[in-house]
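In what follows, a single structure is set out as C-alpha cells and then discussed.
The values are calculated or read from the model by the stated rules, or taken from the named source; none is laboratory data. It should be emphasised that the depicted structure is a prediction, and the values quoted were computed from it without experimental measurement. Glycine also receives a Cβ, built like all others from the backbone with ideal geometry; neighbour counts cover every protein chain displayed.
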Amino acid sequence: MVVHSDADHRQLLNAVSQGDRNAFETLYKSLSPRLYAVALRLLKRPVWAEEVLQDSFITVWNKAASYNPESSAPLTWLTNIVRNRAIDWLRGADNRCDELDDLTLNELPSLDRNPLEQLLQVDSARRLGDCLDRLSAQQRQSIVLAYYHGLSHDEISTQIGSPLGTTKSWIRRGLSQLKGCLGL
C-alpha cells in the first residue's frame, strides 16, 4: 500500500487502534524516516534518535485509539509523540541531563512555525515521499538507510545482504531519479 495523504494515515491509525499489525507496519514504513529526522534533529545522536523512534512507535501501538482526527493531522500527532519522547529522553534517569547543560529545552528547535513555513515543509515532504515511492524497493531502502539512518555504504550492503557495488548503484540511480522527480 502506498501511503500519501492524511486520510491514508488516519485509516492506518484507525486500523492500528484495532490491533492491525499490517497497518502498523505500513504506518511505520511510511512515516518512520520523517519521524526519525525529527528525533535526530532534537537529540543530535543517531542511537538516541533510533531508541526514541522505537519508543514512540510503541506508544503509537498502545495509544492509537486516543488519536482524535479532529484535533490534529496524523503526522502532527505522531511528531508530538516523538518530540515529547525526545525531551523525556534528554531528561532521563541515566544522567543524560548533562546533555542539557549545553542544550536547554528552550534551545530545542521549535516545531511551531508560521503557517506558510508549515505548508511549504508539508508540501516538500509530500513531494519527497511521492518521489521516494516511485523508486524501486532496493533504491528506497538504500537511500533511507544512508540519508535518514546515517549508515555507510558498507553497513547498508551488510544489512540488506547485497554486494557493495550493487548498493552503491542503487543509491546513485535512486538519487538521480529523485533529483529528476523533484526538478532539481
Is segment 19-28 home to any residue that is more than 18 Å from GLY92 (Cβ to Cβ) and either in contact with a strand residue (DSSP E or B) (Cβ under 7 Å, 6 or more places away or on another chain) or among the polar types (S, T, N, Q) (or both)?
yes
Select from segment 20-51 the residues that are β-branched (Val, Ile, Thr) and either closer than 16 Å to ALA125 by Cα or within 11 Å of the chain's Cα centre (by Cα) (or both) and list them in ascending order.
VAL38
Of the residues that make up segment 44-59, is at least one outside the structural domain of GLN141 (by TED's automatic domain parsing), outside any helix (DSSP H, G or I) and at pLDDT below 90?
yes
For the subset of segment 134-161 comprising residues that are farther than 23 Å from LEU40 by Cβ and touching a helix residue (DSSP H, G or I) at 6+ places or on another chain (Cβ under 7 Å), which member is surrounded by the fewest Cβ atoms within 10 Å (Cβ to Cβ)?
ARG134
Residues SER66, SER72: which one is surrounded by fewer than 17 Cβ atoms within 10 Å (Cβ to Cβ), over 26 Å from TYR147 (Cβ atoms) and at pLDDT 90 or above?
SER66
Criterion violated by LEU35 - all others in (1) surrounded by fewer than 16 Cβ atoms within 10 Å (Cβ to Cβ); (2) free of Cβ contacts under 8 Å to residues at least 60 places away in the same chain satisfied
(1)
Residue match in segment 92-112 (condition: at pLDDT 65 or above, in the same structural domain as TYR28 (by TED's automatic domain parsing) and farther than 16 Å from SER32 by Cα)
yes
